[in-house]
Amino acid sequence: MGQFINPTPMAAVTQTIRGVTGFVDSGTFTQTAVKTVNTTVTQTTLMNVTGAIGTKTIPANYLSVGSRLKIKITGIIGTHTVIPTVTFRVLFAATDLGNVALLPAAQIVNGYFELTANYTVATLGATGTMLGGFVWSYTVGGVSVVVSPNPSTYTIDTTAASALDALITWSASHASNTITTYSAFTEIVG
């Protein structure tokens with residue numbers, strides 16, 4: 001079995017596999033520079049757009065029923081000894097596609113983190129729907145912790161251009177409350 005790769009972000013390619021024709025897209029956004037968020041209590045994107053390939057914005061009427069959207073972000077997280085609440089949120093335009101606020105049980109020092117979000121478009125239009133959710137995991141003291149809001153159905157507007165994004169909010173500003181994204185991408189299939 002072969003892999004279809006589209007080198008042009010946001011330019012769908014039609015492929016036929018075993019008699020079934022569909023659209024294949026290699027991605028809409030790929031981060032090419034490190035992104036660090038610290039010393040702020042303002043909700044901030046985890047994805048660095050400086051020098052990025054592609055865009056986080058999905059054009060109006062681009063999606064179809066069955067389109068799958070994915071965000072994958074990895075990096076390092078650390079907290080101060082006075083442990084803050086950390087809130088992660090995934091957005092499609094202004095629509096909240098799930099969020100989770102957590103208070104780690106212990107200080108995190110250079111802990112690996114990963115956020116993976118998967119959604120499927122169920123219906124189209126100004127009141128279209130998307131199904132799915134995300135998982136956020138991190139390590140603290142050599143132990144992996146996995147946190148996820150319940151998957152759900154979300155109302156989205158597929159007729160308008162909409163950014164797909166992942167954001168973080170710290171409850172307290174401190175230089176030790178830091179998250180650095182080394183890899184971030186979004187992709188759309190279908």
Zone of Thr155's modelled label, taken as backbone nitrogen in segment 68-94 under 17 Å from a point 7 Å along Cα→Cβ: 92-94
Charge dipole magnitude, Cβ of K and R +1, D and E -1 - segment 58-190, Cα centre, debye nearest 20: 120
Unit charges at the beta carbon, dipole of the chain: most positive-side option, Val143, Phe88, Ser67: Val143
Charge-dipole axis of the chain as Lys and Arg at +1 and Asp and Glu at -1 on Cβ define it, positive-most pick from Val41, Ile76, Leu131: Ile76
Hull-based mean projected area of segment 29-189, where the convex hull spans the alpha carbons, in square nanometres: 8.7
Hits among aspartates and glutamates - C-alpha to C-alpha of Lys56 under 15 Å, sequence gap 8 or more where chains match: Asp25, Asp165, Glu187
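Computed from the coordinates by the stated procedures, all read-outs in this text should not be read as laboratory data. Remember, it's a predicted structure, so these values are computed and weren't measured experimentally. Neighbour counts run over all protein chains shown; Cβ positions are idealised from the backbone, glycine included.
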